[in-house]
Amino acid sequence: MKFANRDDVVQLTPEWKGERFEDGRPKVAEDVVRRMERVTTEEAWAVLWGKEYKYQFEPDWINIHPGKVLVGRAVTAVFVPRRPDLHQSLMEYGHNEEGRIGEMNSWVIETLQKDDVIVVDLFGKIFQGTFSGGNLSTAIATRTGRGQVIYGGIRDAQQIKGIDGVVTFCKGMDPTGIRDVTLVGMNTPCRIGGAICMPGDIVLATYTGVLFIPAHLAEEVVEHSERTRLREVFGLQRLREKVYTSAQMDTKWTDPIEADFAEWRKTHTLEEFEHLDWDKSTETEQRQADEETLL
């Protein structure tokens, strides 16, 4: 076997038709990655669910950086419980045949690039299942500017919380170091709880949980989200203007309303509203619009 085999990655991601990294991962455009930062879990999930991607979401995480959203291109790592003969064989292969240095968790980190998110299957192990601590998290932050999703544990949580440029989602914390595990896959299909992540997937990790978006659907997810937000802005504006009632806006839009929205979109873009705190502004404007509608 080979770690991070380009041919395997290409074979396993045939729906992606665009540019790829040297390691074979789909290279979703930087613009799409940036725009994904404003997408909600539910907006993205709706697109995936509608296309029969039903096992892309895993809930119940500890976010070491509360309130922050993590978005980036997945680099996957799969560990299994240590079996001496397998562990020895793979360590020797990594060191002697592929020129890798140090322990297996550092092998993965050394491959990371800007806007990557390392996604690690440690089968939920927390005691002696701490993939990263302060030093390795600093390396991840330096290389990616994004962060890590660890289906297992971390250590040095107090240090990690203070590191700029990294957002950490994990299943637990423990002061022990990582022990008795073996890396069996880099940039291979990766099971994270009840979800599957492929190398090059776009990771969207929010307060709700972690969603893995297939690379070939990433742009569609972003566009769906942006249309949804523009429809909300249009609806609120028309309510304030008393053009329509709240009942008209809260049900399926009629053809004349859809035509009005299509015309409105010709002179309005989402960038006009990006300066707003979306959640707070939407909630406030909705309340104001409802109050005005009752007058």
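Tabulated values for the structure
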| read-out | value |
| --- | --- |
| Size of electric dipole in the chain: Cβ of Lys, Arg +1 and of Asp, Glu -1, about Cα centre, debye, nearest 20 | 700 |
| Under 13 Å, Cβ to Cβ, from Gly124 - net charge with Lys/Arg +1 and Asp/Glu -1 | -1 |
| C-alpha long axis of helix 255-265 to longest principal axis of the chain, angle in ° | 70 |
| Which listed pairs, of Lys114/Lys161; Lys125/Lys161; Lys51/Lys266; Lys54/Lys171; Lys27/Lys171, have C-alpha distances above 24 Å, in listed order | Lys51/Lys266; Lys27/Lys171 |
| log₁₀ of I(q)/I(0) at q = 0.08, 0.13, 0.14, 0.15 Å⁻¹ - the chain, Debye sum with one point per alpha carbon | -0.41, -0.90, -1.00, -1.11 |
| Label-point gap, in nm, between Gln248 and Thr269 - each point 7 angstrom along Cα→Cβ | 2.9 |
| Relative contact order of the chain, pairs being alpha-carbon contacts under 8 Å that are 6 or more residues apart, as % | 24 |
| Protection proxy ranking of 146-154, 174-182, 260-268 - average other beta-carbon atoms within 10 Å, highest first | 146-154, 174-182, 260-268 |
| Gained length - Val10 relative to Arg179, 0.36 nm times residue gap less alpha-carbon distance | 57.6 nm |
| J(HN,Hα) series, the range 214-229, from Karplus relation 6.51 cos²θ - 1.76 cosθ + 1.60, nearest Hz, glycine and proline x | x, 4, 6, 10, 4, 5, 5, 4, 4, 5, 4, 4, 5, 4, 4, 5 |
| Asp255 paired with Leu86, simple spin-label distance in nm, labels 7 Å along Cα-to-beta-carbon | 6.2 |
| Sites Gln159 and Arg191 - FRET efficiency at Förster radius 22 Å, r taken between beta-carbons, to 0.05 | 0.15 |
| Net length gained if the chain between Glu232 and Lys68 were fully extended (0.36 nm per residue, minus Cα distance) | 56.7 nm |
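No lab work stands behind these numbers, since they all come straight from the coordinates. Note that this is a predicted model, so its numbers are computed, not measured. Every residue, glycine among them, receives a Cβ derived from its backbone with ideal geometry; neighbour counts consider all protein chains shown.
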